[in-house]
Amino acid sequence: MGKKCIICDEPAIYKIKDSADYYCQECAQDNFADLSVLVTVEEEAQRLKKIVAERLQAEDDGTD
């Protein structure tokens, strides 16, 4: 299940870091002068996967 743009409900590819605000390409370009202030949904997903993997490894090692 993909994230949706908060403006037009299209599939989102950008988000504001540490927020639940997601944007499609067009809405991001219309609302932000510099897209580098946003992170891609894929970047955020990879960051979260890394955190989960690290926590699972810590549990396996018994070092909560």
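The values are calculated or read from the model by the stated rules, or taken from the named source; none is laboratory data. Everything numeric in this text was worked out from a predicted model, so none of it was measured. We place every Cβ from the backbone using ideal geometry, glycine too, and count neighbours over all the protein chains shown. Ligands, DNA and RNA are excluded from the accessible area calculation, which covers all protein heavy atoms including side chains. Shrake-Rupley method; radii C 1.70, N 1.55, O 1.52, S 1.80 Å.
Worth pointing out:
- Within the range 47-59, the set of residues being surrounded by 11 or more Cβ atoms within 10 Å (Cβ to Cβ) and not basic (Lys, Arg) comprises 58 only.
- Reported count of residues in the range 1-13, each being of a type in the set (A, V, I, L, M) and either open to solvent by 100 Å² or more (accessible area, probe 1.4 Å) or within 19 Å of residue 46 (Cβ to Cβ) (or both), is 3.
- The single condition from (1) at negative phi; (2) modelled with pLDDT under 95; (3) not charged (D, E, K, R) that residue 12 fails is (2).
- Qualifying residue in the range 27-38 (condition: modelled with pLDDT of 90 or more, among the small types (Gly, Ala, Ser) and within 20 Å of residue 4 (Cβ to Cβ)): yes
- Remark: pairs (first residue in the range 38-64, within 16 Å of residue 18 (Cβ to Cβ); second residue modelled with pLDDT under 90; Cβ separation under 7 Å; 6+ apart in sequence or on different chains) = 39/17.
- Across the range 14-36, the qualifying residues are those that are of a type in the set (Asp, Glu) and in a loop (DSSP other than H, G, I, E, B), and the one among them that is most open to solvent (accessible area, probe 1.4 Å) is 18.
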